[in-house]
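Shown next, in structure tokens, is the structure this report addresses.
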Amino acid sequence: MMSKCFYITTAIDYVNGEPHLGHAYEKVIADVIARARRSLGSEVFFLTGVDEHGQKVQQTALAQGKEPQAYCDELAVTWRSLASKLELSINDFIRTTDPRHKRVVQAILSKLNAEGHFYKANYEGFYSTKEETFLTEKDRLPDGTFPAVYGEVTKLVEENYYFKLGMHQQWLIDYIEKNPGFIQPDYRRNEVLGFLRNNQLEDLCITRPSNRLNWGIPVPFDTNFVTYVWFDALVNYFSVPAAQGDPAIPPALGAQAAEHPLSLWPADVHVIGKDILKFHAVYWPIMLKAMGAALPRQILVHGWWQKEGEKLSKTTGNVVDPIAVINEWGLDAFRFYVVRELAIGPDGNWTDAGFQARYQSELANGLGNLVNRSLSMLKRYRDGVVPAGNDDLREAAAKTLESVKADFGDNQLQAALVDIWGLVTQGNQYVDRTAPFKLAKDPAQAKRLDEVLYNLAETCRILAVLLWPFLPGTSARIYAQLGLSGEPDKLSAAAWGGLQAGHRIGEPAALFPRKDKPTG
Ligand code: MSP
């Protein structure tokens, strides 16, 4: 029997955008969730990718004298390399120009069209190329102009296909009311409910005339049109399962035969930013309902980052380049800061001073110091050989494990780090309290020193296991310094008593070297 994978996705980034802190943050939190679920014992499928169609890509490619496909191929390399720089444990990387994606979008369009979900109508209105969206009178500022975020706004009259969204409004309200976990956190769920209760849902324009925009997926039943970017992009979550031969996806929706089919759909978590909530919580569920497919189990909405209290902006130079931070401070310092600083939900503020303070106090002086002094003392006083077991810190470790397990189940990543650092602090206090360096001077205290050294080494081992989803590199280094083989990638290994008497540890080395200079 094929078992259902825990299927987690991120938003697919616009291929022509600059990879920045916001993109990297979203991918890191999704990666931590994916690894946490693996650590809990689930089989996980983690998907990310890029969104490649649309007018902006077409225009820029043209301006650079390139074919849009060639232009996208170049940009996709940058995004893939960001994913590897972040050490994302992804199982697939989707590009919306992949043939496997295009055929699923077309299969869905054909089926929905045949079943009467679309109609053709004339539209007259204002269009923002920058945001690829039609605007209404309501979008105007008091002075009659449109907000700068929309860029140049032009008047358009054109014929398009529309998807009958409006008729599903009450069904969607009922669904969200009955399924409180569907949109998280709660205030985002309330925001969607408020929107749906107070506005008449308009039908969704799902095409663009190909004479205006040809960089898109052709509409299979009318080649004068290409698919509107959001109808194309949202389907990525579905086209990968279809390509993986998922039995939950019928052939009429584009499922392919696969040698080793995977059971993925419905997605367990779509991780997205707050700006694209409406697309995911309104359009996507209605598209799926019309397709006769199950809805994703959760849409998990994160907030937006600023830097030093200001909006991230390339023009003003207020940016955080994740690659530069990682090159200077290491990947785990970056992963730690973003997850520890900001819970999934509210907006966050990156400050260089805050980043450095957390590096120094929590990573270097907290975790790094605990591991380094624990292992160095074991090396110095017992030649690196683990003494017989003792239970001084057993209860503290067991309590931490229980809280972390619960946090993982609720995707409470920041809370899990707070819990783990509770154990780090208890470990450091234990060193101060038991003063092994004093015990070592008194031969009559040899047994007590054995006990203390065991507690410290075992606590370091458990920390490696608890930290694996967040800081996989650091966690592997702690394991290696403990002379343990294999990966600390299963939470079941965090039970007290794993280190055996007589085991010889490896070489201790600083995990987080001291840094005195500011980020550049
Ligand atoms: N291509 C669409 C998503 C399609 S999903 C079917 C898109 N792309 S994007 O590149 O503009 O944004 C990708 C993700 O990055 C979104 O979830 C967005 O919220 C997130 N972020 C972009 N800027 C951000 C911050 N400043 N902070 C945190 N996340 C932000 O939208």
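The values are calculated or read from the model by the stated rules, or taken from the named source; none is laboratory data. All figures in this text were calculated on a predicted structure; none of them were measured in a lab. Using ideal geometry, Cβ is built from the backbone for each residue, glycine included, and neighbour counts are taken over all protein chains shown. In case anyone asks, the SASA skips ligands and DNA or RNA and just uses the protein heavy atoms, side chains included. Shrake-Rupley method; radii C 1.70, N 1.55, O 1.52, S 1.80 Å.
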Scanning region 465-496 for residues that are exposed (fewer than 13 other Cβ atoms within 10 Å of the Cβ) and over 19 Å from I33 (Cβ atoms), the one nearest to the chain's Cα centre (by Cα) turns out to be G486
Inside region 379-419, can you point out the residues that are of a type in the set (A, V, I, L, M, F, W, C) and within 21 Å of A509 (Cα to Cα)? V385, V386
Of the residues I299, I326, which is over 30 Å from D232 (Cα atoms), touching a residue at least 40 places away in the same chain (Cβ under 8 Å) and β-branched (V, I, T)? I326
For region 403-520, please list each of the helices (runs of 4 or more DSSP H) lying entirely inside it that holds at least 1 residues being of a type in the set (G, A, S). 413-434, 446-467, 472-481
Of (1) in contact (Cβ under 8 Å) with a residue 60 or more places away in the chain; (2) more than 13 Å from the ligand (Cβ to nearest atom), E259 fails just (1)
Does Y228 meet the test of being touching a strand residue (DSSP E or B) at 6+ places or on another chain (Cβ under 9 Å), modelled with pLDDT under 95, within 16 Å of the ligand (Cβ to nearest atom) and under 30 Å from Y127 (Cβ atoms)? yes
Six or more apart or on different chains, Cβ under 9 Å: which pairs go from a residue in region 10-35 that's under 20 Å from T60 (Cα atoms) to one that's within 7 Å of the ligand (Cβ to nearest atom) and not in a helix (DSSP H, G or I)? Could you list them? I12/D51; D13/D51; Y14/D51; V15/D51; P19/D13; H20/W305; H20/L312
Taking the residues in region 145-180 that are in a helix (DSSP H, G or I) and among the aliphatic types (A, V, I, L, M) as candidates, determine which candidate is most open to solvent (accessible area, probe 1.4 Å). M167
Given the criterion within 28 Å of the chain's Cα centre (by Cα) and open to solvent by 10 Å² or more (accessible area, probe 1.4 Å), identify the matching residue among P241, P266. P266
Can you name the condition, by its number, that F221 falls short on among (1) in contact with a helix residue (DSSP H, G or I) (Cβ under 9 Å, 6 or more places away or on another chain); (2) closer than 24 Å to H302 by Cα? (2)
Region 189-209, residues that are open to solvent by 30 Å² or more (accessible area, probe 1.4 Å) and either more than 22 Å from S128 (Cβ to Cβ) or polar (S, T, N, Q) (or both): R189, N190, E191, R197, N198, N199, Q200
Being open to solvent by less than 10 Å² (accessible area, probe 1.4 Å), over 27 Å from A30 (Cα atoms), assigned to a helix (DSSP H, G or I) and not hydroxyl-bearing (S, T, Y), is that true of even one residue in region 339-352? no
Any residue at all in region 120-143 that is assigned to a helix (DSSP H, G or I) and under 35 Å from the mean Cα position of the chain (by Cα)? yes
Taking region 100-112 as the search range and keeping residues that are touching a strand residue (DSSP E or B) at 6+ places or on another chain (Cβ under 8 Å) and of a type outside the set (A, V, I, L, M, F, W, C), which one is surrounded by the fewest Cβ atoms within 10 Å (Cβ to Cβ)? Q106
Residue count for region 311-332, restricted to those that are more than 12 Å from the ligand (Cβ to nearest atom), among the hydrophobic types (A, V, I, L, M, F, W, C) and surrounded by 14 or more Cβ atoms within 10 Å (Cβ to Cβ): 5
Tell me which residues, restricted to region 313-326, are more than 19 Å from the chain's Cα centre (by Cα) and in a loop (DSSP other than H, G, I, E, B). K314, T315, T316, G317, V319
Any chance K307 is basic (K, R), surrounded by fewer than 16 Cβ atoms within 10 Å (Cβ to Cβ) and within 15 Å of the ligand (Cβ to nearest atom): no
Between a first residue in region 343-362 that is closer than 18 Å to L312 by Cβ and a second residue that is of a type in the set (S, T, N, Q) and away from the ligand (no atom under 16 Å from the Cβ), which pairs have beta carbons less than 7 Å apart while being 6 or more apart in sequence or on different chains? D352/T519; F355/T519
Any hit, region 396-407, residues being surrounded by fewer than 21 Cβ atoms within 10 Å (Cβ to Cβ), within 22 Å of A480 (Cβ to Cβ) and of a type in the set (S, T, N, Q): no
